[in-house]
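Below: one structure, written as structure tokens.
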Amino acid sequence: MSTPSDAPTLLIKIFGKDRPGITAGLFDTLAVYGLDVVDIEQTVTRGRITLCALVTVPAPGIATEGELRATVHSWAESLKLQAEILSGTGDNPPRGHGRSHVTVLGHPLTSGSVAAVAAAVTGRGGNIDRIFRLAKYPVTAVEFAVSGAPTEELRTALATEASVLGVDIAVVSAGLQRRAQRLIVMDVDSTLIQDEVIELFAGHAGCEDEVAEVTARAMRGELDFEQSLHARVALLAGLDASVVDKVRAQVRLTPGARTLVRTLKRLGYQVGVVSGGFTQVTDELKERLGLDFAAANTLEITDGKLTGRVTGEIVDRAGKARLLKSFAAQAGVPLAQTVAIGDGANDLDMLNAAGLGVAFNAKPLVREAAHTAVNVPFLDTVLYLLGITREEVEAADIE
Ligand SMILES: [Mg+2]
């Protein structure tokens, strides 16, 4: 039963040094008066407790409000706690429409950044309902629960702030969708792994510089991806197939990649990769990390040598978006509940098609076009954008 809006209520705020028994003590004191709890919130920061309880007033004949106040104050004094009691009516006012989660990743998180984020929220007519820390490692991640401002508007406003402040800010709309089972699809080169696989192959073919230059131009969006792929693969013609194993051994996962995949799998997410690189590497990554989906181009190998050609349908910019949709259909997850992560121009369609597109240490063109950008080199920070805390990740690892 909800509290009538004109029913008298009391807000009791307790602040002071935390120790066991404070919450039990306060509510034992209130229980004597038969009060109902309307709302309650408690936080502990560096050993200091803030406990707020919104309760009904004592029924006539049981006690007066004055007697209740005196009892709470004397209980608080006995424990050297500060107590503040405010009279009012009803429950909290309803939160405004347009609820969002704003996640800020700082390395470090400066006071100026928090001030700017808060000002941007207020400037859009929004209100900050709650703030809490998601992680202190490897970055400081803080989540703001915001209401009263349209999510899209807030996202645009904060994207500008983020680039000025040099922090990463993600704005996602609140609601069940955020908690729903999801699918995460990642790019591979320079996203899941630190390397560009074709450059590793090129290293063995002695054409590293030539290939790197074409890759960089393609990723900046200056070259058609398919043309650049054929041009680069052609440079590998004649390479011994044994190089595949050497390249697999050279691949370095991005810091946080294992944590990200392991945690998402525990949460029941499905995880996939789509790559403009090669199945010769992505299949092995799929196996190693226990991924659900993987798609990439395949280097043609004949008589133990790379032919300099790829076989099958090319995974290009449009192909990546198509594969995201296909994985989502296979996983039975609506597109709105998908997350895509990538760094290159060929990831843009996929990032835009997903419910949440995350540009990961991306080229400027990609960063500007994506919903959200992460510019710290740790892939597990994506978990914070989904509202998962570091504590939850670590607790799951211990279990
Ligand atoms: Mg990439």
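Computed from the coordinates by the stated procedures, all read-outs in this text should not be read as laboratory data. It should be emphasised that the depicted structure is a prediction, and the values quoted were computed from it without experimental measurement. Glycine also receives a Cβ, built like all others from the backbone with ideal geometry; neighbour counts cover every protein chain displayed.
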In a Debye calculation with equal point scatterers on the alpha-carbon sites of region 43-172 and no solvent, what is log10 I(q)/I(0) at q = 0.13, 0.19 Å⁻¹? -0.71, -1.02
May I ask you to list the lysines whose Cα is less than 18 Å away from that of Lys363, ignoring any residue fewer than eight positions away on the same chain? Lys320
Qualifying aspartates and glutamates (Cα of each under 13 Å from Cα of Lys325; at least 8 residues distant if same chain): Asp349
Give the order of Leu223, Leu134, Leu324 when sorted by the count of other beta carbons within 10 angstrom, beginning with the fewest. Leu223, Leu134, Leu324
Relative to the first principal axis of the alpha-carbon coordinates of the chain, what is the inclination of helix 22-31, with its axis defined by its Cα atoms, in degrees from 0 to 90 and to the nearest 10? 40
In order over region 191-200: 3J(HN,Hα) from phi, Karplus 6.51/-1.76/1.60, θ = phi - 60°, whole Hz, x for each Gly or Pro, gives 10, 6, 10, 7, 9, 9, 4, 5, 6, 5
Taking every pair of Cα atoms in region 8-89, average 1/r, invert it to obtain the Kirkwood radius, and report Rg/Rh to two decimals. 0.95
Paired Rg and Dmax values of region 100-174, which use every Cα atom, in angstrom: 11.0, 32
How large is ³J(HN,Hα), in whole Hz, for each residue of region 214-230 in order, when computed from phi with the Karplus curve 6.51 cos²θ - 1.76 cosθ + 1.60 and θ = phi - 60°, using x for Gly and Pro? 5, 4, 4, 5, 5, 5, 7, x, 7, 10, 5, 4, 5, 4, 5, 5, 4
For a quick check of your reading of the filter: which trypsin sites (Lys or Arg not before Pro) in region 1-96 sit in a DSSP loop and have no more than 15 other Cβ atoms within 10 Å? Arg46, Lys80, Arg95
Tell me the relative contact order for the chain as a rounded percent, counting alpha carbon contacts under 8 Å between residues six or more apart. 14
Straight distance only, please: which aspartates and glutamates reach the Cα of Lys80 with their own Cα at less than 14 Å, same-chain residues fewer than 8 apart left out? Asp18
Cα long-axis angle, helix 257-266 against the chain (0 to 90 degrees, to the nearest 10): 60
Counting only DSSP loop positions in region 205-279, the GluC sites (Glu not before Pro) whose Cβ has at most 12 other Cβ atoms within 10 Å are Glu222
I need Glu161, Glu152 ordered by Cβ neighbour count within 10 Å, fewest first. Glu152, Glu161
Taking Cα atoms only, Rg over Rh for the chain with Rh from the Kirkwood formula is 1.12
